Amino acid sequence: MSFWQSFLRNRGAVAGLAVLAAVLLLALSAPFLFSFDPWDTRGAPLQPPGEGFALGSDMLGRDVLAGIFHGARVSLFIGVVSTVFAVVIGVVVGAVAGYFGGLVDDVAMRFTEFFQTIPSFVLAVLLVAILTPGLASIVIAISVVTWPPVARLARSEFLALRHRAFVEAAVLSGVSHIRIIFGEVLPNALTPIVIMASLMVATAILTESALSFLGLGDPNRISWGYMIGAARAVFRHAWWLSVFPGLAIFVTVLAINLVGEGLNDALNPHMRRRTDP
Amino acid sequence: MSRVWKSIAFAAGLALSATTVAAQAPQKGGILNSTLWPEPPGIVIGVNLNAPTLLPATKMFEGLMTYDFNLAPVPVLAESWEIAPDGLTYTFKLRRNVKWHDGKPFTAEDVVFSFNEFMPQVHSRSRPTFERVKTTAVDAHTVRLELKEPYAPLIRSFDTLSAPIMPAHLYKGTDFRANPINQTPVGTGPFKFKEWKKGEYVHLVRNDSYWQAGKPYLDAIYYRFIPDSASRALALETGQVQLAAQTDIEFVDVARLGKIPGLVVTTKGWEWNSTISWIELNNRRKPFDDPRFRRAILHALDREFIRTNIFFGLAKVATGPLHSSSPFYDPNVPAYPFDPAKASALLDEMGLKPDGGGVRARVKLLGLPYGELWSRLSEYIRQALGKVGVQVTLESSDVAGWGSRFANWDYDMTTTFLSMLADPALGVSRTYLTSNIRKGVLFTNTSGYSNPEVDALFAKAAGSTDEGERKRLYSQIQKIVAGAAPIAWLVEIQWPTIHSAKLRDAIINGFGPNDSFADAWLAK
């Protein structure tokens with residue numbers, strides 16, 4: 001059964017993919033559909049959803065719908081970019097540890113465990129506060145707190161593959177360690193890492209929202225977490241300010257998780273039985 | 001019911017309740033519950049000067065006087081006073097029937113000790129005032145204050161917040177800050193300290209031997225620590241507390257609470273505090289060194305929008321360096337109405353032409369990190385200045401970081417607010433005097449504005465005891481400073497006090513909830 005066939009058999013994954021595509025479309029179309037600055041006052045403040053503003057306006061008369069469209073850009077950007085960074089760090093550390101073993105493995109794993117012992121959200125808050133809130137510092141903070149599980153996963157994959165015949169053959173024929181790690185072993189270890197990464201995007205989006213909710217977001221970029229955080233004080237006056245961005249986060253994170261599940265089912269041959277009775 | 005009708009009915013209700021209040025005689029008894037947040041580090045004024053310290057402390061301690069809504073002196077521990085025509089000698093007659101909470105009599109010795117020793121040593125805000133003064137006891141109930149040169153703000157420095165009278169017999173010869181009596185304060189005020197349950201409340205009880213016979217009316221006051229603003233609002237709604245003030249309730253919630261029958265919102269009682277919020281502009285940096293740029297900023301801001309939508313109406317557009325409640329306030333100063341076209345014209349005149357992206361200048365705004373209201377303000381300023389081509393990037397920080405960058409002049413623009421106090425020589429001049437440009441110290445002349453003419457006028461006004469002359473001098477200052485616009489004044493914040501309609505005569509002077517509450521009573 002091909003990858004797509006098994007992926008498409010999972011209805012949840014298909015729905016998730018559709019929603020994710022829609023969110024991506026939201027992000028891409030924001031500058032065209034809402035060509036104005038989402039921070040601009042567009043009308044009377046605190047208007048409920050209706051004729052003037054489809055999803056209402058906030059305390060400064062800003063358009064909630066425009067905020068959701070533009071906010072999608074920040075959420076997706078941070079989700080993807082910080083995951084890429086985390087995966088790169090994690091794979092490098094894990095690959096080196098698993099491939100070389102011995103002292104190198106010990107050092108790398110103790111280093112990884114050091115990060116794992118600190119509660120990750122507290123560390124993220126601390127990092128953002130120290131680096132002063134901004135897009136770059138949020139990406140750094142999320143990457144720093146999310147790479148250790150990737151490293152452990154990569155290490156276990158490398159440990160398993162390290163003494164397989166094709167690796168030994170490559171070593172004997174004098175191929176450099178770097179080429180073996182990235183050219184021979186990594187492609188065979190990639191599947192579980194990709195699945196993990198897809199789920200990490202969802203976590204990263206949630207973490208960004210939580211940081212923004214606490215006022216540690218980039219103050220110059222509108223994001224869903226920021227919108228909810230700003231609406232907290234007026235929740236009893238204007239429910240629409242927190243509900244719509246909250247729904248956006250919920251739906252997006254759910255969709256990513258569904259897609260991740262689908263990938264897992266489609267890519268993991270041992271798990272195929274789950275959808276193949 | 002339409003909004004108009006609601007407000008008419010509301011006004012009629014107010015008028016009605018005002019007449020009934022006047023007709024009713026105070027009733028004795030009852031326990032007042034008030035919110036207090038955050039929990040103060042201590043409840044002795046001077047040793048601590050945080051806003052939450054003041055609420056319970058002002059019920060236990062008293063000054064020689066207090067100041068009414070117009071900041072005119074009202075006698076408290078001083079029966080009467082006389083100022084020599086040269087303005088160098090002040091003689092106070094003290095009340096004779098006053099006792100400390102521990103039963104010892106209050107005498108001139110206590111005043112001499114407080115002014116000569118206690119204030120200069122621990123009260124950082126009043127230290128400069130009382131360092132100018134030498135206090136001596138003429139007899140057991142008369143004190144004389146002598147100055148080397150006239151100092152006009154002295155007469156507005158005798159309230160409980162600025163100069164509480166402390167018991168000499170308990171403090172003299174001790175380390176004032178470490179004295180264990182700070183944990184169980186002894187004052188002359190209408191309420192005595194009973195208990196401080198950490199994390200829960202401060203409990204004060206009626207002083208039965210208070211010098212005003214028959215007062216206070218309340219049996220006890222509980223200051224309850226409620227950490228969350230939504231819970232505080234709920235406590236008011238359900239009647240668990242009868243009083244909340246200043247920052248206790250989110251501004252957005254105040255109007256809603258005001259509509260609830262049985263609750264009253266007032267913005268009176270903050271005349272002494274008189275807070276102005278402004279954008280501090282670093283006059284050392286380009287383009288802020290050009291007054292045209294600073295005026296352009298003021299013209300670009302719709303301060304009426306800020307008043308209505310960010311401060312939710314609990315503010316008044318500020319016109320210049322003085323608060324409108326000051327007796328020296330002059331409204332006839334250069335004004336900066338909302339006029340983006342004028343702002344653009346000023347920027348054009350400076351030669352700041354828009355580039356391809358419509359940007360004339362790029363500046364940074366360090367927002368005051370005091371919560372949502374201040375974040376909204378920063379966001380609004382960014383959008384409004386962006387409209388005239390001044391691209392603002394917001395910088396965020398924590399409170400300590402904000403204070404340190406602000407004090408060390410490491411900012412382009414920052415939002416802030418400051419109390420103007422009872423006299424311009426105490427609360428206003430500190431922001432504009434050249435001699436007060438002190439790197440590293442907050443709430444000094446941080447903008448770097450310097451004008452020898454203004455310095456001379458401030459010095460003359462502080463040294464004159466002729467109120468008419470002072471008024472003329474402060475008018476001149478206001479015109480010059482408002483014209484130069486060294487900082488961008490936004491609004492006068494009208495701190496709200498929200499209380500149960502049953503609580504009467506609580507807000508009776510310029511100190512609002514920081515009055516002694518000797519006259520406050522609860523209707524049955």
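The values are calculated or read from the model by the stated rules, or taken from the named source; none is laboratory data. All values reported here derive from a predicted model rather than from experimental measurement. Don't worry about glycine lacking a Cβ; one is built from the backbone with ideal geometry, like all the others, and counts go over all protein chains shown. Note: areas computed on protein heavy atoms with side chains; ligands, DNA, RNA excluded. Shrake-Rupley method; radii C 1.70, N 1.55, O 1.52, S 1.80 Å.
Picking from residues in the range A:133-166 that are surrounded by fewer than 15 Cβ atoms within 10 Å (Cβ to Cβ) and more than 18 Å from A:Gly90 (Cβ to Cβ), the one that is farthest from the other protein chains (Cβ to nearest Cβ) is A:Ala165. Total residues in the range B:1-51 satisfying the condition of being of a type in the set (A, V, I, L, M, F, W, C), closer than 25 Å to B:Gln240 by Cβ and either part of a loop (DSSP other than H, G, I, E, B) or at pLDDT 50 or above (or both): the figure is 6.
From the list B:Leu154, B:Leu204, pick out the single residue that is in contact (Cβ under 8 Å) with a residue 40 or more places away in the chain and either in the same structural domain as B:Gly42 (by TED's automatic domain parsing) or within 30 Å of B:Ala459 (Cα to Cα) (or both).
Working: B:Leu204 fails: either in the same structural domain as B:Gly42 (by TED's automatic domain parsing) or within 30 Å of B:Ala459 (Cα to Cα) (or both).
After applying the criteria, what remains is B:Leu154.
Of B:Ala384, B:Ala318, B:Ala343, all but one fail to be within 11 Å of another protein chain (Cβ to nearest Cβ), open to solvent by less than 20 Å² (accessible area, probe 1.4 Å) and hydrophobic (A, V, I, L, M, F, W, C); the exception is B:Ala384.
Got a number for residues in the range A:20-55 being part of a helix (DSSP H, G or I) and among the aromatic types (Phe, Trp, Tyr)?
Qualifying residue count, the range A:20-55: 1.
Filter the range B:415-442 down to the residues that are under 16 Å from B:Ile155 (Cβ atoms) and touching a Gly at 6+ places or on another chain (Cβ under 7 Å) and list them by number. Correct list: B:Leu421 only.
Cβ separations smaller than 7 Å between residues 6+ apart or across chains give the following pairs from the range A:108-132 residues that are open to solvent by 60 Å² or more (accessible area, probe 1.4 Å) to residues that are among the small types (Gly, Ala, Ser): A:Phe121/A:Ala210; A:Leu131/A:Ser137; A:Thr132/B:Ser396; A:Thr132/B:Ser397. If you go through the range B:213-253 and keep only what is part of a loop (DSSP other than H, G, I, E, B), closer than 24 Å to B:Phe417 by Cβ and among the aliphatic types (A, V, I, L, M), you end up with B:Ile226, B:Ile249. Taking (1) modelled with pLDDT under 95; (2) open to solvent by less than 50 Å² (accessible area, probe 1.4 Å); (3) more than 14 Å from every other protein chain (Cβ to nearest Cβ); (4) more than 26 Å from A:Gly260 (Cα to Cα) in turn, A:Val74 satisfies each apart from (4). The requirement of being surrounded by fewer than 20 Cβ atoms within 10 Å (Cβ to Cβ), more than 14 Å from chain A (Cβ to nearest Cβ) and in contact with a strand residue (DSSP E or B) (Cβ under 7 Å, 6 or more places away or on another chain) is not satisfied by B:Ala484.
The set of residues in the range B:468-515 that are assigned to a strand (DSSP E or B) and charged (D, E, K, R) comprises B:Glu492, B:Arg504.
You will find that of B:Glu372, B:Glu395, the residue that is more than 26 Å from the chain's Cα centre (by Cα), facing chain A (nearest Cβ under 9 Å) and modelled with pLDDT under 95 is B:Glu395 and no other.
This table checks each residue for (1) open to solvent by 60 Å² or more (accessible area, probe 1.4 Å); (2) within 14 Å of chain B (Cβ to nearest Cβ); (3) in contact with a Phe, Trp or Tyr (Cβ under 7 Å, 6 or more places away or on another chain); (4) modelled with pLDDT under 95.
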{"position": "A:Pro31", "(1), (2), (3), (4)": "no, no, no, yes"}
{"position": "A:Asp40", "(1), (2), (3), (4)": "no, yes, no, yes"}
{"position": "A:Pro45", "(1), (2), (3), (4)": "no, yes, no, yes"}
{"position": "A:Pro48", "(1), (2), (3), (4)": "yes, no, yes, yes"}
{"position": "A:Gly61", "(1), (2), (3), (4)": "no, yes, no, yes"}
{"position": "A:Ala66", "(1), (2), (3), (4)": "no, yes, yes, no"}
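Every condition in (1) touching a residue at least 60 places away in the same chain (Cβ under 8 Å); (2) more than 14 Å from chain A (Cβ to nearest Cβ) holds for B:Lys353 except the one numbered (1).
For the range B:311-411, the strands (runs of 3 or more DSSP E) that sit wholly inside it and include 3 or more residues that are within 30 Å of B:Thr497 (Cβ to Cβ) are B:315-317.
Each row is one residue, and each column tells you yes or no for (1) in the same structural domain as B:Glu372 (by TED's automatic domain parsing); (2) surrounded by fewer than 17 Cβ atoms within 10 Å (Cβ to Cβ); (3) more than 13 Å from B:Leu347 (Cβ to Cβ).
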residue	(1), (2), (3)
B:Leu263	no, no, yes
B:Gly269	no, no, yes
B:Leu281	yes, no, yes
B:Arg285	yes, yes, yes
B:Pro291	yes, yes, no
B:Arg295	yes, no, no
B:Ala300	yes, no, no
B:Ile306	yes, no, yes
B:Phe311	yes, no, yes
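Report, by residue number, each residue of the range A:50-59 that is within 14 Å of chain B (Cβ to nearest Cβ) and under 29 Å from the mean Cα position of the chain (by Cα). Give the steps one after another, and end with the answer.
To start, the set of residues in the range A:50-59 that are within 14 Å of chain B (Cβ to nearest Cβ) comprises A:57-59.
A:Ser57, A:Asp58, listed by residue number.
If I filter the range A:6-19 for residues that are outside any helix (DSSP H, G or I), out of contact with any His (no Cβ under 6 Å at 6 or more places or on another chain), within 14 Å of chain B (Cβ to nearest Cβ) and among the polar types (S, T, N, Q), do I get at least one hit? Checking the range A:6-19: not a single residue is outside any helix (DSSP H, G or I), out of contact with any His (no Cβ under 6 Å at 6 or more places or on another chain), within 14 Å of chain B (Cβ to nearest Cβ) and among the polar types (S, T, N, Q).
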